[in-house]
C-alpha cells in the first residue's frame, strides 16, 4: 500500500525540489459493512424473555425501559414477548402503593411530584412516575416536559420517570400503563405515581388502577368548584391545595374550608376513608410531609379493614374485561374485509340509505361470519 501511495504522488519525484507530500493511509470503504451489520444486529435482535425478566428483577433500569418499550409497541411480535415478560414478572409485583395524581392546569403537578417524590426517596423508598396521556400527540402532553423539569428526581437513582405513549385510545394507553406498573413493581419500585394530564376522562382510568387518588387544586375555590367535574371530586381520597405560599397563603386557607364543605355533600366511601383537604407549597416544600402522612394513614386503614386487597381484586377483574374489549375492537378494525365494507357503509350512512345502527349490524354480522 505504501509503495502504491508513493507512486501516486509524483510531487515526491527528484525533479520537485523542496516539496514533499506525505503518504496517506489506506481509507476504509465509504460504508463499513461489518460495523453496519453489527449495529443493525444489535438493534434488531431482541433478547430472550428470561434476560429481560432477570434484568428487571435485579433492578436493571435499561432492561426495564426496553421491556416497557415492548409493552408500548404495536408490533404483534413485540406484544407476544411483552406479555410473556409480564406473565413472569406478575408474581413479583403488587408490593407497592399506587397513587394517582391529577389536577387543574397550572396547579404545579411537576413541582409537586418532584417534591413528594424526593421526600419518598430520601426515606429509602423507590419511586416510578408514569403517565396516562392519550392526547399528547395533539396537545404535546405534560409529562414529556416534566422529565426535564424534574431535574432532581430524574437524576435520583431511586426514581424512574417514564413518559406515556404519545398516541392511541385512552383504553389502549391506560392498559399499557397498567402493564408497565407490573414491570416497575417487579423491578423493586414500591411507590408508583400515575400522573394524568389535566382534568378529564383519563381520571377514571387512573382511578381504576391506583390505590389512592390525589387531587391537586389551587386557591380560589369558588371559581374552581364550578370548573371541576363532580365525579372527579368524588373519586378523590385527598385534596391538596398547592401554591399555599406568599400572597396565596390566606386564599389557600379559605379554599380549604370551601373544599371541606363541598366534600360533605358526597356519599360515604366504601373504604370507610374520609377524604380530607390539606394545603401545601411544593416550591417551599411545606406541607409535603402532611400529604404523605395522609396517604400512610389511608394505607393503614384500608389494609386493616380489607378494602386495599378488595379494590386491587376488583381492578384486576375490570382490566381483564377492558383488555378483552380492546382486543376485540382492534381485531375488528384490522380485518381486511371489514376495512372495505366500512368505507362502503359509511357512504351509505352519509347518503341516508342505511341507518347508523343497521350499518353497524351488517358489519358485525360479516365479522362474525368471518370468524
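Screening residue 253 against (1) outside any helix (DSSP H, G or I); (2) in contact with a strand residue (DSSP E or B) (Cβ under 7 Å, 6 or more places away or on another chain) leaves a single unmet condition, (1). Note on region 113-136: residues that are more than 17 Å from the chain's Cα centre (by Cα) and closer than 18 Å to residue 216 by Cβ amount to 5.
Per this entry, residue 240 is counted among residues that are closer than 23 Å to residue 192 by Cα, surrounded by 22 or more Cβ atoms within 10 Å (Cβ to Cβ) and assigned by TED's automatic domain parsing to the domain that holds residue 97. Those helices (runs of 4 or more DSSP H) of region 274-371 in which at least 3 residues are surrounded by 15 or more Cβ atoms within 10 Å (Cβ to Cβ), over 33 Å from the mean Cα position of the chain (by Cα) and not assigned by TED's automatic domain parsing to the domain that holds residue 216, considering only elements entirely within it, cover 336-350, 356-370. The residues in region 112-155 that are touching a strand residue (DSSP E or B) at 6+ places or on another chain (Cβ under 8 Å) and at pLDDT below 85 can be counted, and the count is 10.
The values are calculated or read from the model by the stated rules, or taken from the named source; none is laboratory data. The model shown is predicted, which means the values in this text are computed figures rather than measured ones. No Cβ is skipped: glycine too gets one built from the backbone with ideal geometry, and neighbour counts run over all protein chains shown.
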